[in-house]
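Peer 1: My questions all concern the structure below.
Please treat every number below as a calculation from the coordinates, not as lab data. Being a predicted model, the structure only gives us computed values, none of them experimental. With ideal geometry, Cβ positions are generated from the backbone for all residues, glycine too; neighbour counts draw on all protein chains shown.
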Amino acid sequence: MAIDRRTAVTAVTVVTAWGLGALASEALGFRPRDGGPGSRPIMVQGESAIRGNIPVRRDRRASGGALLALETDRRPPASGWYATYEVEVPAPGPYRLEAVATVPVEHPQVEETGSYFGLAVDDGPPVPVARSQPYWYESAPAWGDLARLDLGVVELCAPRKDQKHQKHQKHQKHTITFVVHEPSVLSTSTGYRFLLDRFTLTPVTRVGLTGIHLGDPDTLGVHRGDDMPELRFVLQARTERARRLPFTVTDYFGERVAAGTVTVPAGRASGAVTLPELPPGHYRVTSAGVTGCFALLPERRPVPGGRFGVNAYVFSLVPPSRQVQVIAEGPADGSWTATATADRWSLSKAPSGRPTAVVLLDTETVWRLSTRNIDPADALSRAHVQGDRRLAEAACQIVSIVY
């Protein structure tokens, strides 16, 4: 029986983490607890941006009769394609942000996907909205190609000392900016697509735990050596009162190896503890319905030049615009996906969505390329390339291990 990829992803029961080190509570279905009846959502229409370079299009289906509509194949300026909105909130603090917009991955109820995008609050830098594909699949359809997206929690801070004019106002003004830098592989072309009907901000009365990481949250949680970093617990935003979070650490076999309580001080968004000495292995940390993972490697390093390694499956979290599919045709054929992350490449079997480039090679060339018996430029001259050639050229530099 043939099962297409959409059906397969819909059936996934293990949700890929938001950030590679942890399984976020929101990704598992837990939502931040909003305020009571008086905590009404603040709605902002997509067509009401105060500045930006994304056009507006009229549509009767939109809540305000129009929507923000980016659909172009032109490269964005250095600032990206963006739209900035001004919002007035009754008080500073964390707010849950939901939007009716395009989904950046294939969705069962959507004909055409959109681009990945980032969010910036006030003068802060844009932060990519990183979610796994199964998470986006849970977004309920709204209308057309738009879905109801839960974008997590943003923190709106109190005015700074140099913003005295806001301190005496009943409502405080903030800005929310949507930014698009990444192209998306659409049905007939590669371009930039982002549609926004509206978004809402709802006050959150109690922030939840969103991630557990060993050391830097941007790493894979893999450590080698004596100076093991602290285990860090990250909340959705700063907490008004000190939070005590019990946690348990188990090993690969599910045996409990450590337990304790971490305290997040008032006014902070994270807390950390030092773990006892543990032997090399894979470990899981659970606290408040959130699970984090980390690995401790042995002191002895692998043999230099050995053809063994650790595969990091990150394709469900990386935009398809950074993916190249390499297809070998002939005897012992197959395909691989090369994914460009922030500072490295990784290999996996399946792409997420439609990759930006596809490289077709005969199996002999693939073998010579993977054993470094042919120059990557010569191998590429024998290839048939579809899509972004520059990304294909870069991907051919990393095919050095036979899967």
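Peer 1: Per residue of segment 251-267, what does 6.51 cos²θ - 1.76 cosθ + 1.60 with θ = phi - 60° give for ³J(HN,Hα)? Whole Hz please, x for Gly and Pro, Karplus curve as stated.
Peer 2: 8, 4, 8, x, 7, 6, 10, 6, 7, x, 9, 10, 10, 9, x, 4, x
Peer 1: Continuing with this model, one more query. Using label points projected 7 Å from each Cα along Cα→Cβ, tell me how many nm separate SER189 and LEU360, to one decimal.
Peer 2: Taking the two extended label points, one gets 2.3 nm.
Peer 1: According to a simple spin-label model (label point 7 Å from Cα along Cα-to-Cβ), what is the distance in nm between ARG224 and SER79?
Peer 2: Modelled inter-label distance: 4.5 nm.
Peer 1: Which log10 I(q)/I(0) values, to two decimals, does segment 209-297 give at q = 0.10, 0.16, 0.22, 0.23 Å⁻¹ under the Debye formula with one point per Cα?
Peer 2: Rounded to two decimals, the profile gives -0.23, -0.59, -1.08, -1.17.
Peer 1: Would you work out if segment 36-206 is rounded, prolate or oblate? Take a ≥ b ≥ c from the square roots of the eigenvalues of the alpha-carbon gyration tensor; rounded if a/c is under 1.5, else prolate when a/b is larger than b/c, oblate otherwise.
Peer 2: In terms of gyration-tensor shape, prolate.
Peer 1: Further question: 7 Å from Cα along Cα→Cβ at both GLU277 and ALA258: what's the point-to-point distance in nm?
Peer 2: Result for the modelled spin labels: 1.3 nm.
Peer 1: Further, regarding this structure: With the contact rule set at Cα under 8 Å and sequence spacing of 6 or more, what percent relative contact order holds for segment 209-297?
Peer 2: 35 percent
Peer 1: Counting only other residues whose beta carbon sits under 15 Å from that of THR84, what net charge do I get with K and R as +1, D and E as -1?
Peer 2: -3
Peer 1: How about segment 46-121: which trypsin sites (Lys or Arg not before Pro) there are in a DSSP loop, with at most 13 other Cβ atoms within 10 Å of their Cβ?
Peer 2: ARG60, ARG61, ARG74
Peer 1: What residues qualify as long-range amide H neighbours of GLN172, i.e. H under 5 Å apart, gap of 5 or more or another chain, H built at 1.01 Å from N?
Peer 2: Distant-sequence amide H within range of GLN172: VAL89, ALA91.
Peer 1: May I ask you to order 136-143, 368-375, 253-260, 115-122 by the average number of other C-beta atoms within 10 Å around their residues, highest value first?
Peer 2: 115-122, 136-143, 368-375, 253-260
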